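Everything below concerns the one structure shown next.
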């Protein structure tokens with residue numbers, strides 16, 4: 001018998017005040033490290049709820065951060081999973097064909113509260129590891 005697929009279920013959409021608090025934690029971490037970032041918070045559908053652009057963040061990161069958040073929310077996993085899969089094997093070459101909600105670059109993480117995904121955070125502006133560090137700081141600031 002095949003194993004049952006396990007996944008984190010969706011919950012209610014993140015509220016604006018929650019999104020601002022999560023973005024504030026990410027912003028504080030980016031400011032402390034002097035990394036200019038764009039920070040996007042989306043609901044479970046991938047629709048934008050809140051956005052911050054730090055001074056001196058590159059313009060491309062506005063849409064990249066939103067794409068990372070959208071991917072993490074819609075596919076219910078951190079975007080680093082896609083990054084690793086794409087580099088792992090030629091059998092994963094189908095991944096970029098999954099649609100407009102796909103970003104295969106670290107820095108997007110689901111926001112999970114009470115075991116359910118209420119949204120996601122996407123961060124862009126630095127290296128992939130820097131983006132992911134700031135994204136995780138925000139995502140892990142709520143329980």
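The values are calculated or read from the model by the stated rules, or taken from the named source; none is laboratory data. Source: prediction; values computed, not measured. When we count neighbours, we look across all protein chains shown, and the Cβ atoms used for this are built from the backbone with ideal geometry, even at glycine.
The table for this structure:
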| read-out | value |
| --- | --- |
| Candidates 18, 58, filtered to the one that is at pLDDT 95 or above and buried (at least 17 other Cβ atoms within 10 Å of the Cβ) | 18 |
| Inter-residue pairs, beta-carbon under 8 Å, first touching a residue at least 24 places away in the same chain (Cβ under 8 Å) and at positive phi and in region 20-48, second buried (at least 20 other Cβ atoms within 10 Å of the Cβ) and in a helix (DSSP H, G or I), 6+ apart | 46/69; 46/70; 46/71; 46/73; 46/74 |
| Condition broken by residue 141, with the remaining ones in (1) closer than 23 Å to residue 15 by Cα; (2) exposed (fewer than 15 other Cβ atoms within 10 Å of the Cβ); (3) at pLDDT 95 or above satisfied | (2) |
| Selection from region 34-46 of residues that are touching a helix residue (DSSP H, G or I) at 6+ places or on another chain (Cβ under 9 Å), under 19 Å from residue 129 (Cα atoms) and assigned to a loop (DSSP other than H, G, I, E, B) | 35, 36, 37 |
| Cβ-Cβ under 8 Å pairs, at least 6 apart or on other chains, region 88-109 side closer than 24 Å to residue 136 by Cα, far side part of a helix (DSSP H, G or I) and at pLDDT below 70 | 102/95; 102/96; 104/95; 104/96 |
| Residue within region 47-57 that is assigned to a loop (DSSP other than H, G, I, E, B) and touching a helix residue (DSSP H, G or I) at 6+ places or on another chain (Cβ under 7 Å) present | yes |
